[in-house]
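J.: Sharing a structure below in structure tokens format, with a few things to ask.
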Amino acid sequence: MSDNIAGKVVVITGASSGLGEAAARHLSAEGAAVVLGARRAERIEALARDLAGSGGKALAVETDVTRREQVKRLVDAAVETYGRVDVMLNNAGLMPLSPLERLKVDEWDRMIDVNIKGVLYGIAAALPHMQRQRSGHIINVSSVAGHKVRAGGSVYSATKHAVRALSEGLRQEVKPYNIRTTVISPGVVLSELPNTASDPEVAANLRKMYGDLGISADSFARAVAFAIGQPEDVDVNEILFRPTRQEF
Ligand SMILES: NC(=O)c1ccc[n+]([C@@H]2O[C@H](COP(=O)([O-])OP(=O)(O)OC[C@H]3O[C@@H](n4cnc5c(N)ncnc54)[C@H](OP(=O)(O)O)[C@@H]3O)[C@@H](O)[C@H]2O)c1
């Protein structure tokens, strides 16, 4: 077991698939209690049962991160059940890429609601508990697209740049409360993310790119565990990682 993970209470949004699920499995195996949020309740309930069956502590709470009260309920459930919240992993997100000229305005709205506002609601839900505890760790998930902009990815990139900006401001503001902050920016990692593209041409290109380049979601889980597992006086603020063969 890694130091400083066992016994921690970790809330994970978007835990029903991909990176969030992989983080839940990894951290549970390291001895953390995990509190799983996502809209697909049956998925997180099955995952919680699976982890409990292996001797872990896990709780599933159906959560839509675009609903502030639901994110608060998720974090409050962690505190009610396990007594505290040590880590808030704001991971839920979607990536329906398309060129701006196709005017998929509803998808722009959804990306802003989930990728930005969902992260803010996670911060709002966790921060009061962590301030009271005088300890905690907020981990936000950005992307390589939070560092680079490519045609067809403007809105997604904008949301992921926003996550980095919020994370840096948060980092500075929560110092007095002994709260750690990390922003993790993955490259191409195998998950259900390409399925969120509604444009058939974009979806086909994404599936090919993920097939050619994608690395296992455990790469993300290990990055999360690295940040959490540091001694409490070490604050890992940024992690950017890619598949070795990913050029952009
Ligand atoms: N995979 C990559 O290559 C990659 C690279 C860079 C960054 N990322 C980021 O990593 C994060 C996780 O994505 P992933 O790759 O693991 O994709 P994924 O397999 O599609 O998982 C996305 C997760 O977000 C959840 N989600 C979506 N909308 C939600 C909502 N309104 N409320 C609550 N949960 C919601 C989904 O759960 P439900 O549908 O059950 O609600 C699912 O658990 C995202 O922020 C993504 O932008 C991924």
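The values are calculated or read from the model by the stated rules, or taken from the named source; none is laboratory data. All figures in this text were calculated on a predicted structure; none of them were measured in a lab. Glycine also receives a Cβ, built like all others from the backbone with ideal geometry; neighbour counts cover every protein chain displayed. For accessibility, only protein heavy atoms count, side chains too; no ligands or nucleic acids. Shrake-Rupley method; radii C 1.70, N 1.55, O 1.52, S 1.80 Å.
J.: Sum -39500 (n - 2.57) across every DSSP H segment of at least 4 residues in the chain, then divide by the residue count to get the 222 nm mean residue ellipticity, nearest 500.
T.: Calculated at 222 nm, the ellipticity per residue is -14000 deg cm²/dmol.
J.: Continuing with this model, one more query. What number comes out for the charge environment of residue 71, summing +1 per Lys or Arg and -1 per Asp or Glu over other residues with Cβ under 14 Å away? Mind showing how you got there, number by number?
T.: Details: positive: 39, 67, 68, 72, 73, 117; negative: 62, 64, 69, 76, 113.
Summing Lys and Arg as +1 and Asp and Glu as -1 gives +1.
J.: What angle, in degrees between 0 and 90 and rounded to the nearest 10, separates the Cα long axis of helix 41-53 from the longest principal axis of the Cα atoms of the chain?
T.: 50 degrees
J.: Something else: Cβ under 15 Å from residue 114's Cβ, residue 114 left aside: what net charge do those residues give with Lys, Arg +1 and Asp, Glu -1?
T.: Here the count lands on +2.
J.: For the chain, evaluate the Debye formula with one uniform point scatterer on each Cα (no solvent term) and list log10 I(q)/I(0) at q = 0.08, 0.12 Å⁻¹, rounded to two decimals.
T.: Log10 I(q)/I(0), no solvent term: -0.27, -0.63.
J.: Taking H as built 1.01 Å from N, whose amide H comes closer than 5 Å to the amide H of residue 182, not counting residues under 5 places away?
T.: HN-HN under 5 Å from residue 182: 138, 139, 140.
J.: Roughly speaking, what is the centre-to-centre gap between segment 1-72 and segment 133-208 when only Cα atoms are used, to the nearest Å?
T.: For segment 1-72 versus segment 133-208, the Cα centre distance is 19 Å.
J.: Segment 33-77: which trypsin sites (Lys or Arg not before Pro) are DSSP loop and have at most 16 other beta-carbon atoms within 10 angstrom?
T.: Answer in residue order: 39, 40, 67.
J.: Right, here's the next one. Segment 165-248: which trypsin sites (Lys or Arg not before Pro) are DSSP loop and have at most 14 other beta-carbon atoms within 10 angstrom? Spell out each step's value before the answer.
T.: On the way: sites: 171, 180, 207, 208, 222, 245; in loops: 245.
Counting only loop positions with at most 14 other Cβ atoms within 10 Å, the trypsin sites (Lys or Arg not before Pro) in segment 165-248 are 245.
J.: Give the cross-link partners of residue 160 among the lysines, using a straight C-alpha distance below 19 Å as the criterion and excluding same-chain residues fewer than 8 apart.
T.: Correct list for residue 160: 104, 117, 148.
J.: Using amide H atoms built in the peptide plane, which far-off residues or other-chain residues are under 5 Å from residue 241 H to H?
T.: The list, which skips near neighbours in sequence, is 185, 187.
J.: For the chain, which whole percent of the accessible surface, found with a 1.4 angstrom probe, sits on carbon and sulfur atoms?
T.: That fraction is 51 percent.
J.: Using the charge dipole of the chain (Lys, Arg: +1 at Cβ; Asp, Glu: -1 at Cβ; taken about the Cα centre), state which of 97, 7, 142 has its Cα farthest towards the positive end.
T.: The one lying farthest along the dipole's positive direction is 142.
J.: Enter the accessible area per residue of segment 70-224 (Å², integer; probe 1.4 Å; all protein chains in place).
T.: Using a 1.4 Å probe on heavy atoms only, each residue of segment 70-224 averages 43 Å².
J.: What base-10 log of the normalised intensity I(q)/I(0) is obtained for segment 75-167 from the Debye formula, alpha carbons as equal point scatterers, at q = 0.11, 0.14, 0.20, 0.21 Å⁻¹?
T.: -0.37, -0.55, -0.88, -0.94
J.: If Rh is defined by the Kirkwood formula over all Cα pairs and Rg also comes from Cα, what ratio Rg/Rh do you get for segment 128-221?
T.: On the Cα set of segment 128-221, Rg over Rh gives 1.08.
J.: Mind checking which of 183, 174, 141 has the largest fluctuation in a GNM of the chain, springs on alpha carbons under 10 Å?
T.: Top of the fluctuation ranking is 174.
J.: In addition: So who's got an amide H within less than 5 Å of the one on residue 60, skipping anything under 5 residues away but keeping other chains? H placed 1.01 Å off N, in plane.
T.: Under 5 Å from the amide H of residue 60: 36.
J.: Still on this model: Nearest 0.05, what FRET efficiency do residue 165 and residue 226 give at R0 = 30 Å with Cβ-Cβ as r?
T.: Here the calculated transfer efficiency is 0.85.
J.: Straight distance only, please: which aspartates and glutamates reach the Cα of residue 175 with their own Cα at less than 15 Å, same-chain residues fewer than 8 apart left out?
T.: Hits, sequence-local ones excluded: 232, 233, 235.
J.: Right, next: Extending each Cα 7 Å along its Cβ direction at residue 131 and residue 178, get the distance between those two points in nm, one decimal.
T.: 1.7 nm
J.: Quick one: if the Förster radius is 30 Å, what FRET efficiency do residue 151 and residue 40 give, using the C-beta to C-beta distance and rounding to 0.05? Could the numbers behind the result be given before it?
T.: Values: r = 32 Å, r/R0 = 1.06.
With R0 = 30 Å, the Cβ-Cβ based efficiency is 0.40.
J.: Along the charge dipole of the chain, which of 66, 124, 35 sits closest to the positive end, that is, farthest toward it, with unit charges on the beta carbon of Lys, Arg, Asp and Glu (+1, +1, -1, -1)?
T.: Among 66, 124, 35, the one farthest towards the positive end of the dipole of the chain is 124.
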